[in-house]
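Q: Sending over a structure as structure tokens; questions will come in a sec.
Laboratory data are not the source of any read-out in this text; all were calculated from the coordinates shown. Remember, predicted model here, so these are calculated numbers, not experimental data. Here the Cβ positions follow ideal geometry from the backbone for every residue, glycine too, while neighbour counts run over all protein chains shown.
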Amino acid sequence: MGNIDKLAILGGEPVRPPEIKWHSWPVFDEQERTAVLEVLESGKWFYGEKVKKFEEEYATFQGAKYCVSCNSGTTGLEVALQAIDIKPGDEVIVPPYTFIATASAVVRMGGVPIFVDVDESWCIDPDLIEKAITPRTRAIIPVHFAGYICDMDKINAIAQRHNLIVIEDACHSWGGRWEGKGAGTLGLGGVFSFQMSKNITAGEGGAIVTDNEDFADVCRSITNCGRSKTGPWYYHERIGTNVRMNEFTANILLAQLTRAENQLQVREANGVYLTTALKEIPGIYPQPLSNRVTRRAFHLLCIRLKEEEIGCSREPFIKAVQAEGLPLTAGYPYPIYKQPAFQNAAFYDYSQTCCPVAEDLCYKSGAWLPHHILLGKEKDMEDLVKIIRKVQEHALELKNLEI
């Protein structure tokens, strides 16, 4: 038998051997099977009553008056930006530490993403936003990264002072609430994703929620080929596109919603436990908690690894954690503005853009665990903490593994 006190990457026994599995994803059962067969056998596969029912139930889940479904979070962002009439050259403030769709949606609508750094919350730093505002600025897209809701009071106050529109990228915040109010309802509207990795999933899918009826009507028209709310089928009042949700997707999502509340509570309880436990380990800095985020949708468990305190760099630390049986990863390898699509952009020169916190997260300190790990039992959470602590305590032994 191996030595449990020796790092597995150096020949010891892992805390979590491969035969002991973490909670898997996606979660599905007979409800999803029945949902697919129900739509299949009905012969009604196209944009109908199941979509309508899902929109109603998801609006209720988020505490919104309206929900407009679509086929992805990416297209949801594009639709929302078209609905607020983003024009070529308009600037939209976005964080650099997020999935590329937050910024690419702006470009695809003709706008220019302007990157504002994140802070210790891993979300956009509201204290830096006003410095980035110019006469061309039209909107702000805060991203509730990993489920941590941005400081929406500060962001909305800035937007009001400068006559800007706030569209939330809430693709990590299903069920999340800021001071009791649902994510996606804190600005003009918010966008959600139901892609495979997401906390509520049908493989793909998206939604826009809002309390503004006019905005909802325009978004729905755009998603449905520019059709009007009351006109005949072949009457198109604006240039739209076809990003409708289908009945299969909607019915699977309805099944997913039946367990979403319980899953949210389990993730939140485990996420709070882990945040509290991990921050006691020297050099480990979890994404913080906030009493203003009154319900936290953990999509990721995020930690920063401080090399100068731990005694080794991130890469060997993560390899050692993985060898102990925990699927920790480094997350995004670059801030969005360092991606080739933006470094080679003709519409704006990003060569001088620098966001130090985002770059530190990408290149040096950031690490994630996926949300389904947080659906585990108490023993799973104890093992997780034990693994991080074990590697931290032996970090100096990893110096020879650094590259």
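Q: Just tell me which lysines come within less than 19 Å, Cα to Cα, of LYS181; anything on the same chain fewer than 8 places away is out.
A: By straight Cα distance, LYS181 reaches LYS65, LYS154.
Q: With the Cα gyration tensor of the chain in hand, convert its eigenvalues to equivalent ellipsoid semi-axes via √(5λ) and list them largest first in whole Å.
A: After diagonalising the Cα gyration tensor, the semi-axes are 37, 27, 17 Å.
Q: I would also like to ask the following. Enumerate the aspartates and glutamates that LYS131 could reach by cross-link, defined here as Cα to Cα under 14 Å, with residues fewer than 8 away along the same chain left out.
A: Within the straight-line limit of under 14 Å, LYS131 reaches these aspartates and glutamates: GLU91, ASP117.
Q: Once the principal axes of the Cα atoms of the range 30-255 are found, what is the range along each, listed largest first in whole angstroms?
A: Sorted largest first, the three principal extents are 56, 39, 27 Å.
Q: Which lysines have a Cα less than 20 Å from the Cα of LYS399, not counting those fewer than 8 places away in the same chain?
A: In chain and number order, the partners are LYS6, LYS306, LYS319, LYS364, LYS390.
Q: Normalised by the number of residues in the range 30-255, what is the relative contact order in percent for Cα pairs under 8 Å and 6+ residues apart?
A: 27
Q: Just to compare against my own numbers: the Cα pair-distance distribution for the range 59-177, 5 Å bins, whole % per bin, please.
A: 2, 12, 23, 25, 22, 12, 4, 0
Q: Could you tell me what a quarter of the Cα convex hull surface of the range 124-234 works out to, in nm² with one decimal place?
A: That works out to 8.6 nm², a quarter of the Cα hull's surface.
Q: Return the single residue from ALA277, ALA59, ALA255 with maximal mean-square fluctuation; model: Gaussian network over the chain, springs between Cα atoms under 10 Å.
A: ALA277
Q: Another question, then. Can you give me the angle between helix 30-42 and the longest principal axis of the chain, using Cα atoms only, in degrees from 0 to 90, rounded to the nearest 10?
A: Long axis of 30-42 versus the principal axis of the chain: about 30 degrees.
Q: Can you tell me which of GLY366, GLY190, GLY311 moves the most in a GNM of the chain? Springs connect C-alpha atoms under 10 Å apart.
A: So, out of GLY366, GLY190, GLY311, the one fluctuating most is GLY311.
Q: While we're on this one: Where in the chain lies the longest segment free of GluC sites (Glu not before Pro) that are both loop residues by DSSP (not H, G, I, E, B) and have at most 11 other Cβ atoms within 10 Å?
A: The segment 121-279 is the longest one with no such site.
Q: Work out how far the C-alpha atoms of the range 260-401 reach from end to end along every principal axis, then list the three figures in whole Å, largest first.
A: 52, 44, 24
Q: If you average the alpha carbon positions of the range 345-403 and of the range 22-45, how far apart do those two centres end up, in angstrom?
A: 34
Q: When all alpha-carbon pairs of the range 221-303 are counted, what percent fall beyond 15 Å?
A: Tail of the P(r) past 15 Å holds 71 percent of the pairs.
Q: Excluding GLY73 itself, what net charge comes from residues whose Cβ is under 13 Å from its Cβ, given Lys and Arg +1 and Asp and Glu -1?
A: Here the count lands on -3.
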